[in-house]
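Inspection log for the structure reproduced underneath, given as structure tokens.
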Amino acid sequence: MCYFEANWDKVDMNPNDTFFPHPMPWFRYKPWDQLSSVTQLLATNMMGYTEETWNDFGSAVVEKNTFLNLDPEQREAALELGFYTHTWDCFQNHYQAYYWSSFHEDLRVAVETLGWTEEMWKDNSGQKPPSEDTVWADLTPEEKAAATRLCYFQELWDGDEITTWYDYETGKNTAVTGKGPVPNDIDLDIFQETGYVGRDPGTVGAGVYTYNSSTKAVVSSSILVGVASVIAFLFF
């Protein structure tokens with residue numbers, strides 16, 4: 001078995017050109033009617049998607065689970081689509097299926113900033129913090145930063161269907177791309193003590209990042225280099 005520190009710690013070594021913690025799964029942000037017939041069959045027959053659940057994020061049963069807890073056929077289909085553990089758990093599940101004890105460092109900061117407590121998270125009564133019923137525009141800069149760390153952007157957070165933020169003429173979605181400087185209304189300073197405060201676009205690995213609040217730009221203080229993205233397959 002070939003381990004080194006980064007892959008032992010399950011650091012995502014895939015190149016990432018966004019300020020999200022992992023590369024955005026662009027293929028997931030196409031409406032159902034824009035998918036190839038092969039993709040539609042894969043999503044339907046192996047993952048249980050319908051046109052409605054594909055276009056409405058979070059409504060499909062398969063998205064309620066972590067990547068490793070998908071059944072083998074679902075996981076195989078997710079891999080075929082282009083997902084892997086980190087991108088599925090963050091952009092698809094948003095860590096909702098994690099145990100509270102699994103939250104550490106920046107993930108703990110994120111969920112607690114959004115108002116979650118261990119009791120709420122474990123409680124089956126449906127108790128939830130006010131942020132869950134707050135639209136993106138009304139979240140505080142700190143709450144937006146927390147939601148960003150959980151791989152939400154405005155359209156996902158607000159529950160807008162893909163068809164409402166997809167430009168059929170250009171064939172691109174009009175939602176945030178995660179490229180460029182972090183928006184001014186997202187305050188990533190909440191992560192200063194945990195090792196995740198955004199990413200330098202185009203870098204790989206976790207590194208240690210600082211946030212220049214005067215210019216609202218992400219600055220990397222250490223960058224892991226020279227590692228091919230194929231190493232990510234060691235983490236599955």
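The values are calculated or read from the model by the stated rules, or taken from the named source; none is laboratory data. Remember, predicted model here, so these are calculated numbers, not experimental data. Note that we place each Cβ from the backbone using ideal geometry, even for glycine, and neighbour counts take in every protein chain shown.
A few notes on this one:
- Failed criterion for residue 105 (all others in (1) charged (D, E, K, R); (2) surrounded by 15 or more Cβ atoms within 10 Å (Cβ to Cβ); (3) at positive phi hold): (2)
- Some residue of the range 168-178 being loosely packed, with under 15 Cβ neighbours inside 10 Å and among the polar types (S, T, N, Q): yes
- Of all the criteria given as (1) at pLDDT 95 or above; (2) surrounded by 15 or more Cβ atoms within 10 Å (Cβ to Cβ), the one not satisfied by residue 164 is (2).
- Qualifying positions in the range 109-148 - basic (Lys, Arg) and at pLDDT 95 or above: 144
- Residue match in the range 65-83 (condition: under 30 Å from residue 184 (Cα atoms) and at pLDDT 95 or above): yes
- The range 181-202 residues that are surrounded by fewer than 23 Cβ atoms within 10 Å (Cβ to Cβ), paired with ones that are among the charged types (D, E, K, R) and modelled with pLDDT under 75 (beta carbon under 6 Å, 6 or more apart): 181/216; 184/216
- Restricting attention to the range 127-138, the residues being crowded, with 16+ Cβ neighbours inside 10 Å, in contact with a Phe, Trp or Tyr (Cβ under 8 Å, 6 or more places away or on another chain) and assigned to a loop (DSSP other than H, G, I, E, B) number 1.
- Within the range 143-162, tally of residues that are among the charged types (D, E, K, R), outside any helix (DSSP H, G or I) and touching a residue at least 40 places away in the same chain (Cβ under 8 Å): 1
- Flag if residue 186 is among the β-branched types (Val, Ile, Thr), farther than 23 Å from residue 28 by Cα, modelled with pLDDT of 90 or more and under 17 Å from the mean Cα position of the chain (by Cα): yes
- Pair list, Cβ < 7 Å and 6+ apart or interchain, from the range 111-122 residues that are at positive phi to residues that are buried (at least 16 other Cβ atoms within 10 Å of the Cβ) and in a loop (DSSP other than H, G, I, E, B): 115/129
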